[in-house]
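The values are calculated or read from the model by the stated rules, or taken from the named source; none is laboratory data. Just so it is clear, the model here is predicted, and its values are computed rather than measured. With ideal geometry, Cβ positions are generated from the backbone for all residues, glycine too; neighbour counts draw on all protein chains shown.
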Ligand code: PLP
């Protein structure tokens, strides 16, 4: 009954979601406090109080027909203005409301852009490891996702391989920094070199290659790390932002696209994105949430970052002490840990200790697991003895002792 395309998409359906369901099942058996579910990037930090205040005051102060009604497919003009002004203040850009389209989260924004610009058979490049849903989003646009193999020593993009993989069919390149699943932030030097390569290839092939900056984790950066704003380095950049992680609003489905004036064929792309928003069935981003964002654009999220940072520091210190290997994340709330045995058996073994992890192959990079540490600090602390038992079972602690 279901379409051939969906058969494939259902078969490859998200391992992360399956793990999440497994977590709920285990919690039913052992009690939620005895399950260490690191599977889903669902923020445990509550949404800032200002979000609730904004919801209440909008409902009190504004006309119901305005708050809940249809509006332009791109979203409320005053909200887009507020976002543009906030970006200009923070990144010294020069956007206005015509550069902003409100979206149904980062996922909605990416699907809108691909619907607007991608032809069947086009190629979309992503750097492994990458958010696994990119494969499905490329398939939605009948495009092929081309993965640049990882540099597992730094998890900065492998630029030599990247250049080799760009072809006349390359329509877009997805960059996600701070990165899911590694927590790495791409350096300014990396971004500059990437932009140079793309400029060169556009000239060589006479094509337009869009750099899509997928940045739901932009504000989640530790130790004062800078996250370069990509429109400043490459003209054909489109930014996809989401409030799912920074404001802990993943279920509310709210974000935006930035389409800069400098983008090739700006007016048509912008019009196409508006139409794509409508015909993909979103029609527009959720109206109440747009208005909330209009009032919360400049919220300081440093308290949330501090809470994730405490999880990061504790987990990283303990896991490396036990002999596990991983790069210390600079942003987002994920750690990408090397597995001492094949990742499949490793995840299975970890589950025996009620630790739920996502295999690296989900992100196009096997030999690793992702630990989503956007959980309570208690979960982190209580999981440590279980990680120790796991390390002992694998003989890691013995090796550490011998080294010492
Ligand atoms: N892109 C990346 C890298 C993500 O990690 C996620 C969600 O985890 C998304 C996009 C989708 O975000 P949203 O919930 O805003 O659609």
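Please work out if residue 60 is surrounded by fewer than 12 Cβ atoms within 10 Å (Cβ to Cβ) and assigned to a helix (DSSP H, G or I). So residue 60 fits the description; yes.
Looking at 159, 145, which is the one that is more than 16 Å from the ligand (Cβ to nearest atom) and at pLDDT 95 or above? Don't jump to the end; show me each part of the working.
On the way: 145 fails: more than 16 Å from the ligand (Cβ to nearest atom).
159 is the lone residue from the list that is more than 16 Å from the ligand (Cβ to nearest atom) and at pLDDT 95 or above.
Given the condition farther than 21 Å from residue 331 by Cβ, within 16 Å of the ligand (Cβ to nearest atom) and touching a residue at least 12 places away in the same chain (Cβ under 8 Å), answer yes or no: does some residue in the range 180-198 qualify? Looking for residues that are farther than 21 Å from residue 331 by Cβ, within 16 Å of the ligand (Cβ to nearest atom) and touching a residue at least 12 places away in the same chain (Cβ under 8 Å), one finds none in the range 180-198, hence no. Taking the numbered list (1) in a helix (DSSP H, G or I); (2) loosely packed, with under 15 Cβ neighbours inside 10 Å; (3) touching a strand residue (DSSP E or B) at 6+ places or on another chain (Cβ under 9 Å) in turn, residue 293 passes all entries but (2). Select from the range 63-83 the residues that are touching a residue at least 24 places away in the same chain (Cβ under 8 Å) and assigned to a helix (DSSP H, G or I) and write down the one among them that is surrounded by the most Cβ atoms within 10 Å (Cβ to Cβ). Only one residue tops the list, namely 79. The residues listed here are 332, 391; of these, the one that is surrounded by 15 or more Cβ atoms within 10 Å (Cβ to Cβ), modelled with pLDDT of 95 or more and out of contact with any helix residue (DSSP H, G or I) (no Cβ under 8 Å at 6 or more places or on another chain) is 332.
Exactly one residue out of 106, 50 is more than 21 Å from residue 264 (Cα to Cα) and within 16 Å of the ligand (Cβ to nearest atom), and it is 106. Residues of the range 254-276 that are in contact (Cβ under 8 Å) with a residue 40 or more places away in the chain and more than 20 Å from the chain's Cα centre (by Cα): 260, 261, 263, 264, 265, 269, 270, 272, 273, 274, 275, 276.
When the residues of the range 109-139 are filtered to those that are in a loop (DSSP other than H, G, I, E, B) and more than 12 Å from the ligand (Cβ to nearest atom), the one that is nearest to residue 205 (Cα to Cα) is 122.
Being at pLDDT below 95 and part of a helix (DSSP H, G or I): is that true of residue 21 here? Walk me through it before giving the result.
Working: at pLDDT below 95: yes; part of a helix (DSSP H, G or I): yes.
Yes: the conditions hold for residue 21.
Listed here are the strands (runs of 3 or more DSSP E) enclosed by the range 202-267 that have at least 3 residues being within 11 Å of the ligand (Cβ to nearest atom): 210-214, 237-242.
Quick check on residue 174: is it at pLDDT 95 or above, closer than 27 Å to residue 120 by Cβ and within 13 Å of the ligand (Cβ to nearest atom)?
Details: at pLDDT 95 or above: yes; closer than 27 Å to residue 120 by Cβ: yes; within 13 Å of the ligand (Cβ to nearest atom): yes.
Judged against the criteria, residue 174 is a match.
Restricting attention to the range 63-71, does a residue exist that is more than 19 Å from the chain's Cα centre (by Cα), within 16 Å of the ligand (Cβ to nearest atom) and over 20 Å from residue 278 (Cβ atoms)? No: zero hits.
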